[in-house]
1. Name the residue, out of A:150, A:143, A:129, A:103, that is assigned to a helix (DSSP H, G or I), touching a residue at least 24 places away in the same chain (Cβ under 8 Å), within 14 Å of chain B (Cβ to nearest Cβ) and out of contact with any Gly (no Cβ under 9 Å at 6 or more places or on another chain).
2. Assess whether residue B:209 counts as being touching a residue at least 40 places away in the same chain (Cβ under 8 Å) and either assigned to a helix (DSSP H, G or I) or surrounded by 14 or more Cβ atoms within 10 Å (Cβ to Cβ) (or both).
3. Test residue A:68 against the stated conditions and say whether it is of a type outside the set (Val, Ile, Thr), surrounded by 14 or more Cβ atoms within 10 Å (Cβ to Cβ) and free of Cβ contacts under 8 Å to residues at least 12 places away in the same chain.
4. Out of the range B:177-194, which residues are of a type outside the set (Phe, Trp, Tyr) and touching a helix residue (DSSP H, G or I) at 6+ places or on another chain (Cβ under 7 Å)?
5. Could you please let me know if residue B:62 is within 15 Å of residue B:9 (Cβ to Cβ), modelled with pLDDT of 90 or more and surrounded by fewer than 23 Cβ atoms within 10 Å (Cβ to Cβ)?
6. Please determine whether any residue of the range A:401-414 is aliphatic (A, V, I, L, M) and outside any helix (DSSP H, G or I).
7. Among the residues of the range A:314-327, write down those that are part of a helix (DSSP H, G or I) and closer than 9 Å to residue A:456 by Cβ.
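The values are calculated or read from the model by the stated rules, or taken from the named source; none is laboratory data. Since the model is a prediction, treat every value here as computed from it, not as a measurement. Using ideal geometry, Cβ is built from the backbone for each residue, glycine included, and neighbour counts are taken over all protein chains shown.
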Amino acid sequence: MNLFSDPRWAEALSHLPDYLGNHVRVSVTALGLGLAVSLPLALLARNRPLLRGALLGLASVVQTVPGLALLALFYPLLLALAELSLSWFGFDFSAFGFLPAVLALALYSMLPVLRNTITGLRGVDPAILEAAQGVGMTPWQSLFSVELPLALPVMMAGIRTAAVWVIGTATLSTPIGQTSLGNYIFAGLQTQNWVSVLFGCAAAAILALAVDQLLALIESGLRIRSRLRAALGALGIAALIAATLVPTMARPRSSYVVGAKTFAEQYVLAALIAQRLQAAGLSATSREGLGSNVIYDALVSGDIDVYVDYSGTLWANQFHHSDILPRETLLAELKTILAQKKITLLGSLGFENAYALVMPRKRAEQLGIHSISDLAAQSGSMSMAADYEFFSRPEWAGIQKTYGLKFRSQRQMQPDFMYAAAASGEVDVIAGYTSDGLIAKYDLVTLDDDRHAIPPYDAIVLLAPKRADDGALRAALQPLLGRIDIATMRAANLRAAGGNAESSPSEVARWLWGRISKRN
Amino acid sequence: MNAAPPLIAYAHVGKSFNGGRLKAVDDVSLDVAEGEFLAIVGGSGSGKTTLLRLANRLIDADEGQITVEGEDVRAVDPVRLRRRIGYVFQSGGLFPHMTVADNVGITPKLLGTPAAEISTRVDELLDLVRLNDGEHRDRLPHELSGGQRQRVGVARALAARPRIVLMDEPFGALDPLTRSGLGEDYRALHDKLGLTTVMITHDMAEAILLADRVAVMRSGKLLALGTPAELADNHDAYVGELLDTPRRQAERLKERLPPDDAA
């Protein structure tokens, strides 16, 4: 089979103008800002040992912060700043997407530029500096016609390193709401679409190499004083920026933005909502791969218009409640709390994506286990596995306390492998997710939470404050409410994890809509 | 000669480094007359380079007064002062990223001279320092020999038509043949253009051969000053030691090299 006949390549290619354009814009802006700050700082610090040490130390510390964490930290920081600015100056700005990404990436670009500029300038032979003074140059003339030209190769090496770093790290700006080539990678990882991951990596690498080579051309042009080379390099960079700006400019600004968190089910649901909006004649795009805390704030500030969250997640993580309420009561409570924040809880989709204790169906039947209470009686001789965070979550403490569970052994596992481990009998019980398609695939069964120790996690549709009275939006989404049962969602999730041409979120969403609408 | 006012005058000049711990120049008084070629001789650390740099304010003095063309250097903007004094650096000090022509034309350019005029002047100067075959103009310094680089250095120092040229061991790094040729060529330029030159050297023979007067420095102090003949009468042991080497060399040369016409 021809590798490139896979329709997922075409699908990936269709996103390229959008993703690449955003990627280039955020990288170039960040690099420009980084240079605008670093170059003067380097000039200032080059002959001041204390400042120099402090600056380089600070830049090195920034460099040790993982890129993802640095980007994530800028989001709450800017959110707080936006609030301050609103209360002090009467205006706020979006702390979502472009701005935090640019600031974090600019910070990230500073170390190589600072270090190489300082090293380059300090590497100029003192005898040459004295000659510059001796022939009657002012300090500025010496800087611009002698020191900088001589330091240029080292400086440019730093700038090129910074450019490559920024372009690479910009793929991590997807979770804070900045569309980038990282969208391919994040979506691909979650939906096991390796074509998408590969496409994203290759696109980012090619972009980085292209920019690096254009900068090298400018550098050699400046060094050998060839106006042609420098102009060609600059022209290349300008053309790259223009080429990525044009298609985005030409595209109509979409009126609705659908948010999605970082896992496959969310990609499918976001695609489903976008398709429903488009079917109703509304234009819609999606911002995918948003972090759990980012996505809620983005809705509050109106950066996205609609997304699907889970009742228990909002209840515990966003509003910090620890009591466990029945499904309907929790939904009602949540609706009231959200209404105070001017967010509309439009309704639930019909399924839950909760934690559940899961066993192979046959084994459970043999042992006569239907509920967690049944399990508790026999847990002493059994082993259990869960994802990396489950055993430290309040839900687990609640379950253990309520049922008096005590397993022979507990271990942590990558979620993807957990289900297979249960199916093969390597572990007896796992903490799975109720809507996961692998439960059906491996013929597993979720145990009944008969004493209600696990909070409900209804999938609910939330609307941004500015969309509260949007009749067209409500009407377009109405057919989804209460229509997706757990079996259907599991089947959809299983398709999304298929790793083949039919497993792209939009394909799965179309299939899902087909299933829902048939029942109308 | 004594009647004309000196072009450069040092009066009780002192300069220390490292917070006063190192006295590089200690109470030196010295006049350089217009048209004079003065050589300053001394070992390393004698303060001769410091003394030279005080004249164009590459270094500022702690004590005493220095006047150049009748003006106290402290009252003059140092950048303007340097633009009107030619300076030849040890091993050239050429800007490695600039062509020979750009190096030579730098000071006129800083002074705002029109490009066409600079270009003419560069040709004139390259002619003057005998780099006139046209192929050197657009070369970079690393493409030149040591002697050629130093000729460019001299041309650069002369570009803005200074009355004064300061030279910091200009021929020190060259092979003996190039060195003596360049020294004689420069002396001819000095006479032709009516320059006033102060040259630092650690080589007494070079000083005696080129200079009108020789100043001997040791440990920051001016030990002796005079024409070569006057120095020969000096009874200071160090001065005698300095003169001893060229004397012995001259005698040995006379012994070992038969005169030209005998061949």
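1. A:143
2. Against the criterion (touching a residue at least 40 places away in the same chain (Cβ under 8 Å) and either assigned to a helix (DSSP H, G or I) or surrounded by 14 or more Cβ atoms within 10 Å (Cβ to Cβ) (or both)), residue B:209 does not qualify.
3. So residue A:68 does not fit the description; no.
4. Taking the range B:177-194 first, the residues of a type outside the set (Phe, Trp, Tyr) are B:177-185, B:187-194.
Within the range B:177-194, B:178, B:182, B:183, B:187, B:189 qualify.
5. no
6. Yes, that holds for at least one residue.
7. Of the range A:314-327, the ones part of a helix (DSSP H, G or I) are A:314-318, A:327.
Within the range A:314-327, A:315, A:327 qualify.
So that you can scan it fast, the table gives a plain yes or no per residue for (1) in contact with a strand residue (DSSP E or B) (Cβ under 6 Å, 6 or more places away or on another chain); (2) among the hydroxyl-bearing types (Ser, Thr, Tyr); (3) without any contact (Cβ under 8 Å) to a residue 60 or more places away in the chain:
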site	(1), (2), (3)
A:290	yes, no, no
A:315	no, no, no
A:320	no, no, yes
A:325	no, no, no
A:342	no, no, no
